[in-house]
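Everything below concerns the one structure shown next.
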Amino acid sequence: MGQLKDKIALVTGASRGIGRAIAVELAREGAKVIVNYAGNEAAAAETARLIKEAGGPEPILLKFDVASQEQVDAAFDEVKTKHGGLHILVNNAGISKDGLLLRFKQDDWLQTLGTNLTGSFHCARAGAKLMTKQRWGRIINISSVVGESGNAGQVAYAAAKAGLLGLTKTLAQELASRSITVNAVTPGFIATDMTSALTDEQKAKIREQIPLGDVGKPEDVAHAVVFLATDRARYITGHVLAVNGGMYM
Ligand code: NAP
């Protein structure tokens, strides 16, 4: 308890699923959490309630679209001037639009890359500016097992998540001299709204590929993120930490 006392953390897409669990677990360790969301205000308010229930510092709700450079820059300006700066950035906001290559729409490609990859670039750039001055920071990018393995039917999503791994390793090299570590977490199949759309047949097929025999919980990912955010991980950078039940090794 209290490993992140006096730290300020921003989690993108923290209104639901994995992002919500990350926000709650960072707060449980004492971090003041800025809860970003795209539009679902009620869900963001529920994350704030869970943070308070866990005994965390009063959270801040901040609505912005990570895909919009203007909105991201304005939000990080507010983080700097109103909320006291930034120590930990978790790029978690994501969407998945699925389909096979030959029928894949250009617009779906652009939206998927825009949120998952360009969104993380926008936030990392704005966040690193704040962290560089204080010479301490943590950037944690939520990629995916499919960014490592590829996945038929997820051309844009897999490309975006693979791109995030390149972004992670490059930023790890660029920012190390300022004591900012940059790591990625690659979740496997985690039970959230994103995966609830799959049919029972699809879910059963995926379960068969998981050596640990079950789907993951958002908290499984959150615990890995908290570890990477603490001083216990001070010598780890440019790393890709799989949280996937053994589904891809
Ligand atoms: P989710 O339940 O669908 O939640 C998505 C979150 O992202 C919501 O909080 C949503 O905000 C936010 N969001 C979406 N577009 C945004 C934008 N343009 N700007 C700001 N916020 C935005 O998803 P999840 O399953 O928790 O996934 C979280 C991350 O883990 C994603 O990056 C996903 O790709 C990755 N991941 C998930 C799995 C899995 O099995 N679930 C596996 C591997 C990787 P609103 O509530 O306001 O819409």
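The values are calculated or read from the model by the stated rules, or taken from the named source; none is laboratory data. All figures in this text were calculated on a predicted structure; none of them were measured in a lab. Here the Cβ is made from the backbone with ideal geometry for all residues, glycine too, and neighbour counts use every protein chain on show. Heavy atoms of the whole protein, side chains included, go into the accessibility calculation; ligands, DNA and RNA do not. Shrake-Rupley method; radii C 1.70, N 1.55, O 1.52, S 1.80 Å.
Observations on the model:
- Helix 218-229 vs. the chain, principal-axis angle (Cα, 0 to 90°, nearest 10): 40
- Computed over protein heavy atoms with a 1.4 Å probe, the accessible surface of the range 182-249 works out to 58 Å² per residue.
- The simple spin-label model puts a point 7 Å past each Cα toward its Cβ; for Lys63 and Glu78 those points are separated by 1.0 nm.
- 25 Å Cα-Cα threshold exceeded, pairs from Lys82/Lys133; Lys52/Lys217; Lys133/Lys161; Lys82/Lys161; Lys169/Lys203; Lys63/Lys105: Lys133/Lys161; Lys82/Lys161; Lys169/Lys203; Lys63/Lys105
- Ordering of 44-57, 1-14 by packing [mean C-beta count within 10 Å, highest first]: 1-14, 44-57
- The distance between label points at Gln111 and Ser196 comes to 1.9 nm (points 7 Å beyond Cα on the Cα→Cβ vector).
- Angle between the chain longest axis and helix 155-175 axis [Cα atoms, degrees, rounded to 10]: 30
- Between 0 and 90°, nearest 10: helix 119-134 axis offset from the chain longest Cα axis: 30
- The per residue volume of the convex hull around the alpha-carbon atoms of the range 36-181 is 123 Å³.
- The distance from the alpha carbon centre of the range 233-247 to that of the range 63-127 is 22 Å, rounded to a whole number.
- Along each principal axis, taking the top coordinate minus the bottom one, the Cα set of the range 95-173 gives 47, 24, 15 Å in descending order.
- Karplus (6.51, -1.76, 1.60) ³J(HN,Hα), θ = phi - 60°, over the range 86-99, in Hz, Gly and Pro reported as x: 8, 10, 10, 10, 10, 7, 10, 4, x, 9, 10, 10, 9, x
- Candidates Gly153, Thr132, Ser120 compared by Cα position along the dipole of the range 79-163: farthest toward the positive end lies Thr132, with charges placed on Cβ.
- The range 136-192 - Kirkwood radius from inverse mean 1/r over Cα pairs (Å): 11.9
- Using every pair of distinct Cα positions in the chain, the Kirkwood expression returns a hydrodynamic radius of 18.0 angstrom.
- Modelled spin-label separation between Leu102 and Glu70, with each label point placed 7 Å from Cα along the Cα-to-Cβ direction: 4.1 nm.
- Shown for the chain: the carbon plus sulfur share of the solvent-accessible area, taken with all protein chains present and a 1.4 angstrom probe, equals 51%.
- Restricting the calculation to Cα atoms, the range 1-88 shows an Rg/Rh of 0.95 when the hydrodynamic-style radius is the Kirkwood one.
- Full extension of the chain between Lys217 and Gln173 yields a length gain of 12.7 nm, computed as 0.36 nm times the residue separation minus the alpha carbon distance.
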